[in-house]
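Right, one structure below, let's go through it.
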Amino acid sequence: MDTGILKSILGFLIIGVLFYFVMRKVRMGGCCGHSHGESNNDKTKDPVCGMTAEEKNAVGTSDK
């Protein structure tokens, strides 16, 4: 095989592995560090990204 083809295959494998780990992180904690889609009354709206978050896991607070 040509070394150029091997380098291309290796590059695609590296990108695939990096993509796998990034997507795994997103599925585990979401973009803001909280999970999405759970229904619970202890949640409030995140002022930054607009998603719902549990108040007990909030890093900071804001006054309206």
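The values are calculated or read from the model by the stated rules, or taken from the named source; none is laboratory data. Not measured: the values here are computed from a predicted model. All Cβ positions, even for glycine, are placed from backbone atoms using ideal geometry, and neighbour counts span all protein chains on display.
Miscellaneous remarks
- Among the residues examined, S8 qualifies as surrounded by 11 or more Cβ atoms within 10 Å (Cβ to Cβ) and at pLDDT 80 or above.
- For the stretch 14-45, filtered to residues that are β-branched (V, I, T) and within 11 Å of the chain's Cα centre (by Cα), the residue that is modelled with the lowest pLDDT is V26.
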